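> The structure's right below; bear with me while I get my questions together.
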């Protein structure tokens, strides 16, 4: 479904649906004229020409479905090439598992999304208002209400953007897409790719992978939606090339970071097969994951970090990777498949409490699930779980210690309280559609 746009005399945007005009106010950060300019492919080609050319250089323009974009690019008409590329994504069937039908437009609201419109977001269960820069954009470097690097890292995972996307799909309120579009464009334009391994909030490996996990849903769910601007779509595609390059060249090894980063690389390969290196990215990610499952998963299925939280996270990412690889037509080796199955044996389906050698803490989880982690934790003095287990036999869910970022964590080196024995976490992984 296509929604024609028109500008009113008062500067608002009128969206005409079935003969009914719905008035949408433009972003407060820009004038209507400026907003219209920055939304267009002409603007992005004029102001971000190097990015656009790098994008087309990364595409496999030999693919038949990209012939119109290839011909326009060869003729030197960048705007026409961009328009042809966007038509391909809008009308094609790439990443069909991520595409969603648009809802009827309405003025209904969503409480959480309305808070985001007021610049208040939740990061790691801690809600705070994000300040703005002098030029009007969000301060992506802010460290939250407690001046904490964890909050800055979390903000650059873009947790509020999937909220806005889902709120639009539930309500049909196009203001949520407009805000999402504005924030995405602002982040990309103000976050140049460093081209090297980084520990910054914007380009640390975990955040790079987490953004991919947010962006794939957004990019395809909003394909039929005109409020998702042409310029932001092109900028996202160009930035995904940078994200893939980072994850391919600068990923970790031998840790849960490596697992998350390879899932991010595989997501790009599966959801955007038009990239020339997509197959190599998937091959590399699969090879790394096969190595990591042998390094990180014990024969009994316990993850080597020996904490309930990190077991759950890593096992879920391994599982998601298997689904992603299948969608890309990749066949992981039997060692990876068997390793993932082993982790599932003790993957806790609900909240996880720290267990001790004397037995598991009170929880709704079957006690047998704790056994491999408990036994190995007791045998491994180096692990945080072991230190907690050996110091107490009564680590209960209601005895919890928040970290400096406000999270409640089983395993953390940055905690307000000093005792390890009272760490507890509840972790709810986002299910892929």
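> Would you mind finding the one in 102, 79 that is out of contact with any strand residue (DSSP E or B) (no Cβ under 8 Å at 6 or more places or on another chain), in the same structural domain as residue 165 (by TED's automatic domain parsing) and either at pLDDT below 95 or crowded, with 16+ Cβ neighbours inside 10 Å (or both)?
It is 102.
> Continuing with the same structure: Pick out the one residue from 264, 254, 260 that is in a loop (DSSP other than H, G, I, E, B) and either surrounded by 23 or more Cβ atoms within 10 Å (Cβ to Cβ) or modelled with pLDDT under 95 (or both).
The conditions single out 254.
> A further question follows. Quickly run through the range 139-157 and pick out the residues that are on the phi < 0 side of the Ramachandran plot and surrounded by fewer than 18 Cβ atoms within 10 Å (Cβ to Cβ).
Matches in the range 139-157: 139, 141, 143, 145, 146, 149.
> Condition first: exposed (fewer than 12 other Cβ atoms within 10 Å of the Cβ) and more than 21 Å from the chain's Cα centre (by Cα). Now tell me which residues in the range 82-99 satisfy that.
Scanning the range 82-99 gives 91, 93.
> Another one. Consider residue 230 carefully, then state whether it is surrounded by fewer than 22 Cβ atoms within 10 Å (Cβ to Cβ) and not assigned by TED's automatic domain parsing to the domain that holds residue 171.
Taking the combined requirement at face value, the residue does not satisfy it.
> Pick out the one residue from 211, 179, 185, 202 that is touching a helix residue (DSSP H, G or I) at 6+ places or on another chain (Cβ under 9 Å) and closer than 19 Å to residue 115 by Cα.
That would be 179, the only listed residue that is touching a helix residue (DSSP H, G or I) at 6+ places or on another chain (Cβ under 9 Å) and closer than 19 Å to residue 115 by Cα.
> What is the number of the single condition among (1) crowded, with 17+ Cβ neighbours inside 10 Å; (2) closer than 23 Å to residue 212 by Cα; (3) touching a strand residue (DSSP E or B) at 6+ places or on another chain (Cβ under 6 Å) that residue 119 does not meet?
For residue 119, the exception is condition (1).
> Listed residues 39, 63, 23; which is modelled with pLDDT under 95 and surrounded by fewer than 18 Cβ atoms within 10 Å (Cβ to Cβ)?
23
> Given the conditions (1) surrounded by 18 or more Cβ atoms within 10 Å (Cβ to Cβ); (2) within 22 Å of residue 213 (Cα to Cα); (3) at pLDDT below 95; (4) out of contact with any helix residue (DSSP H, G or I) (no Cβ under 8 Å at 6 or more places or on another chain), which single one is not true for residue 125?
Here residue 125 meets the rest and fails (1).
> Let me ask something else about it. Can residue 194 be described as more than 25 Å from residue 49 (Cα to Cα) and assigned by TED's automatic domain parsing to the domain that holds residue 135?
Considered against the rule, which asks whether it is more than 25 Å from residue 49 (Cα to Cα) and assigned by TED's automatic domain parsing to the domain that holds residue 135, residue 194 comes out as no.
The values are calculated or read from the model by the stated rules, or taken from the named source; none is laboratory data. Only a predicted model underlies this, so the values are computations on that prediction, with no experimental measurement involved. Here Cβ is always computed from backbone atoms with ideal geometry, including for glycine, and neighbour counts include all displayed protein chains.
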